Amino acid sequence: MLTNRQLFLLHLGQTSSAPLMLEIEKAEGVFMYGPGGRKYLDLVSGVSVSNTGHRHPRVVEAVKNQVDSYLHLMVYGEMIQSPQVKYAAKLASILPEKLSSIYFVNSGSEAVEGALKLAKRFTGRSRIIYFSNAYHGSTNAALSVQGSEIYRNAFRPLMPGTVQIGFNDFGALDAIDDKTACVIIEPIQAEAGVLLPEKGYLELIRERCSRHGALLIFDEVQTGFGRTGKMFAIDRYGVVPDILVLAKALGGGMPLGAFISSGEIMSSLISNPRLGHITTFGGHPVCCAAGLASLEVIIDEKLSESCESKSAVFKKELIHPAIKSIRGEGLLLAVQLRSHEHVGKVIASAPVHGLVLDYFLFCNDAFRIAPPLIISDDEIKYACRQLLLLLDDTE
Ligand SMILES: Cc1ncc(COP(=O)(O)O)c(C=O)c1O
């Protein structure tokens, strides 16, 4: 009989020549457990998904309760499903007033597709501005606004009318004009290796968009739900977009995405043509129940508030000659080393030291630290001790 490892290589579509290949049997809180009970501290959160940790009891309870009531009923938007309605109302209550209409989809990429379509439909324009080193997903439209040639060049032709400008290049914002449908930006660029906007940059983009009637789209797929020390980057910078894109932690560990706007903007998907976006599974009731429970945990346990002090513990403990810098906000950190080779060795050897680490897509010389927000100070100190040993062993 073949092992799971052999079956993984034989039957799962592969896109990486060197997958992590960790076999996990159970996950709980900040830990994952492999065969024989081997324990790994998760410093990635499934890439900014498990903000409330793995299998938070309130999330598990919500999932079980919903499974006992109903699973899929009908394509999105036809029936009144309590988990969707309750979650949408909760999201609207914590977002700025004009972000009150929530369209649930399956993933971040689908939410980006929906947001771009909505902007085109509402403005009647097709020009889309995006940024160097931006990552918005892997579908065709998301690839069309991806700020790296390496990953998208082989898939041309892509969507026409997209214009790339440099992130934090104030002068390039002149590209926003009367023909622009929208500007799509990650307020903090994640896959670029956690790049922050310079002071006044998001404000200026907001001002230009308003002046030219272009919609501003914030992609908060990675920065949302407390990850950077505020519930959303919107709260950190005080700049409100016309469309907000969410996914990852939105589902509390279940697959869920959303694009969010005012009721007025969203209503442009109702006619000419009707059914301006269709999704079968978007807003699946079990995912919405899990997401709502997870959001309530983030609020009740004040997880975003505690992010800054936890971030400071990482920065204080991680002192090593191999570390050039640590960038980031809250628990979205990029640890910069001297070379890509060293980063590769550190990530590959992390499991030996009981840790799970990951790369950034567009930043070769740094590895990612993005643990569940429930991580304790003691667990952070343990993770840092292991990381320092790991750096010693791989130098
Ligand atoms: C900022 C951002 N937007 C969109 C996406 C795409 O999300 P998904 O993988 O759920 O399609 C990602 C995924 O990493 C992301 O980081």
* Pairs, please: C-beta under 8 Å, at least 6 apart or cross-chain, first residue under 23 Å from Ala119 (Cα atoms) and in segment 143-163, second open to solvent by 90 Å² or more (accessible area, probe 1.4 Å) and modelled with pLDDT under 95? -> Leu143/Tyr151
* Has segment 133-140 got any residue that is of a type in the set (Phe, Trp, Tyr) and either within 19 Å of Gly161 (Cβ to Cβ) or more than 14 Å from the chain's Cα centre (by Cα) (or both)? -> no
* Test Val245 against the criterion of being more than 16 Å from the ligand (Cβ to nearest atom), at pLDDT 95 or above and under 30 Å from Leu196 (Cβ atoms), and give yes or no. => no
* To do: Please tell me if Lys310 is surrounded by fewer than 20 Cβ atoms within 10 Å (Cβ to Cβ) and within 30 Å of Gln386 (Cβ to Cβ).
  => no
* Asked: Does Pro83 satisfy the condition of being open to solvent by 80 Å² or more (accessible area, probe 1.4 Å) and not aliphatic (A, V, I, L, M)?
  -> no
* Hits in segment 107-156 (condition: β-branched (Val, Ile, Thr) and more than 12 Å from the ligand (Cβ to nearest atom)) -> Thr123, Ile128, Ile129, Ile150
* Provide a single number: the residues in segment 6-54 that are assigned to a helix (DSSP H, G or I) and in contact with a strand residue (DSSP E or B) (Cβ under 8 Å, 6 or more places away or on another chain). => 2
* Between residues in segment 252-269 that are of a type in the set (S, T, N, Q) and residues that are modelled with pLDDT of 95 or more and outside any loop (DSSP other than H, G, I, E, B), which pairs lie under 6 Å by C-beta distance while being six or more apart or on different chains? -> Ser261/Ser101; Ser261/Ile243; Ser268/Arg121; Ser268/Phe122
* Asked: Does Tyr76 count as within 21 Å of Ser261 (Cα to Cα), in contact (Cβ under 8 Å) with a residue 12 or more places away in the chain and of a type in the set (Phe, Trp, Tyr)?
  -> yes
* Has segment 102-112 got at least one residue that is open to solvent by 30 Å² or more (accessible area, probe 1.4 Å) and closer than 13 Å to Ile243 by Cα? -> no
* **Looking only at segment 140-196, and only at residues there that are within 14 Å of Ile128 (Cα to Cα) and among the charged types (D, E, K, R), the one that is most open to solvent (accessible area, probe 1.4 Å)** => Lys179
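The values are calculated or read from the model by the stated rules, or taken from the named source; none is laboratory data. Nothing here was measured: the structure is a model prediction, and the numbers come from that model. Quick reminder, even Gly has a Cβ in these numbers, built from the backbone with ideal geometry, and neighbours come from all protein chains shown. With ligands, DNA and RNA removed, areas are computed over all heavy atoms of the protein, side chains included. Shrake-Rupley method; radii C 1.70, N 1.55, O 1.52, S 1.80 Å.
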